[in-house]
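Here is the structure we will look at, set down as structure tokens.
The values are calculated or read from the model by the stated rules, or taken from the named source; none is laboratory data. Since the model is a prediction, treat every value here as computed from it, not as a measurement. Methodologically, a virtual Cβ is constructed for each residue, glycine included, from the backbone with ideal geometry; neighbour enumeration extends over all protein chains shown. Remember, those area values only see protein heavy atoms, side chains included, never the ligands or the DNA or RNA. Shrake-Rupley method; radii C 1.70, N 1.55, O 1.52, S 1.80 Å.
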Amino acid sequence: MFDTAQSLPAAPRAELFGHPRGLTFLFTTEMWERFSYYGMRSLLVLYMTKYLLLADHSGSVIGLLPLKGTLETIFGPLDVQPLSSQIWGLYTGLVYFTPIFGGLLADRVLGQRRTVIIGATLMAFGHFMMAVEQLFLFALLALILGNGCFKPNISTQVGSLYAPGDPRRDRAYSIFYVGINLGAFLAPLVCGTLGERVGWHYGYAAAGVGMVIGLCIYLYALPLLPPDEMHRAQAAHTAHKPLDAGERRAIWMLLALLIPNSLFWATYDQIGNTIILWADANTDRSIDALHLFGGSAQIPTTWFLAVNPFMIFAFTPFVVALWARQAARGSEPATITKMAIGCFGVTAANLIMVAAALHADGGKASWLWLFGFFVVITIGELYLSPVGLSFVTKVAPARLISLMMGVWLSASFTGGFLAGYIGSFWSRMGKPEFFLLVAGIAAVAGLMIYGCRWVVGGAKFQD
């Protein structure tokens, strides 16, 4: 294995179910943070297209006219739906750009713990500000900055619970990823339902409550968490040494994957953008519930966003068991191959939607098409996202680990911008052609990632 992590061995800690107890608290903190993030995001596009950006309300949003003017200078005239997709893409992109600076702040100045606390506090304020429509853009800014401080540092703390070479690290990230998706599963059911059925602002307030709960759990767990990597590096007198050849090579290995990783997220993130629009306007959401109620009921649009995270924690044990079985036979795919498979999963999922759009022929498609889409795209996600997080903590230099985690997450920054740009074609293209475009982009990303085997050396990407 190519492992340049030079952190000091983790101190012995009390364990729970074979893992440090700190993992349980990081799991629950991240679960509530993702509950708040996905709860807000499940409402964002619908909120803008159905309420905020309509003529009766858009004039009250501070700063919206200058932002719209800037975007129209770049992309041309924007109606409500294209403008909402551009704002959504700008937000989701910046959410994953600021972790670069949050990681640098933690590595050089504050340490992971204090930076996480600052980030969680900013996000809690941001979610509550979303309930005031005049402060919409300021709320998004607070959420962007807060996520930048929070996201890279809590992710690196998971790896810091384990000594270099500890085989439990990969399994720990799989467990951590279940926490992410448990929060994402609950978010649209709670925040989405409140927003759609009671009022938009109630949904955003619920997201704020979730973030406050996560912050309280993190503060309680501080004694169980590992020392900041900044302090470890200072103790080992490596904080200011130049990078050696192995560390530089590890950084180049990570950078080589950023472009195809960005394309992956640009296509995957259509879930919260154009897929939710398809579910709302192009899907027959009626369900009979086995005639128990004497008629059909409508599935709320935002509930479809709970399908993917539910499948994540339903499928994770089977995927991990498959990898373990393959490893025992010596046939487990290399990390780079897993990532390529993840991209091809997004391609296959969007080809299902091509078939759905052709079958509907301008009408409404059965919700079962969306269900099949989520099954396939979830498997693709499991082959790329948690694998990437674990890989960063294995190969990144320990004194730059939060920064490199931020750089890795920045693939979602460019991916988010591209996702918004792709989404702006939703109302301009036929639906089969649109989904075919997304499938093609994901396939190109998969081929680029697989091609990196020959650029950076596939043997180095073994788990």
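Some observations on this one:
- Take each peptide in 339-351, 214-226, 146-158, count the other Cβ atoms within 10 Å of every residue, and average; sorted highest first, the result is 146-158, 339-351, 214-226.
- Over all pairs of different C-alpha atoms, segment 40-150 has a mean inverse distance whose reciprocal, the Kirkwood radius, equals 14.8 Å.
- Extended-chain gain in nm, criterion 0.36 nm per residue less alpha-carbon gap, Ala355 and Ser286: 22.8 nm
- Per-selection Rg to Rh, segment 24-97 - Cα, Kirkwood hydrodynamic radius: 1.08
- Residues in segment 15-96 average 38 Å² of solvent-accessible surface per residue, probe 1.4 Å, ligands and nucleic acids excluded.
- Taking a straight line from the alpha carbon of Lys68, these lysines sit under 22 Å away, with near neighbours fewer than eight places off in the same chain left out: Lys50.
- Three-way shape call for segment 106-195 based on the alpha-carbon gyration tensor, with the a/c threshold at 1.5: oblate
- Selection from Leu135, Ser160, Leu43 lying farthest towards where the dipole of segment 21-162 points positive, charges on Cβ: Ser160
- A simple spin-label model places the labels of Tyr220 and Val198 2.3 nm from each other, with each point 7 Å out along Cα-to-Cβ.
- Placing +1 on the Cβ of every Lys and Arg and -1 on the Cβ of every Asp and Glu, with no other charges, gives the chain a dipole of roughly 960 debye about its Cα centre.
- Rule-of-thumb Rg ratio for the chain [Cα; 2.2 N^0.38 Å; N residues]: 0.96
- Using C-alpha pairs under 8 Å with a sequence gap of at least 6, the mean separation divided by the residue count of the chain gives a relative contact order of 29 percent.
- Rg/Rh, computed from the Cα trace of segment 240-393 with Rh as the Kirkwood radius, has the value 1.10.
- Accessible surface of the chain, 1.4 Å probe: 69 percent of it comes from carbon and sulfur atoms.
- Ranked packing of 330-338, 433-441, most packed first, by mean Cβ within 10 Å: 433-441, 330-338
- Cα coordinate range in segment 349-420, projected on the principal axes (Å, largest first): 55, 23, 14
- Using the rule -39500 (n - 2.57) for each DSSP H run of four or more residues, divided by the residues of the chain, the 222 nm mean residue ellipticity is -22500 deg cm²/dmol.
- When each of the peptides 379-391, 395-407 is scored by the mean number of other C-beta atoms lying within 10 Å of its residues, the order from highest to lowest reads 395-407, 379-391.
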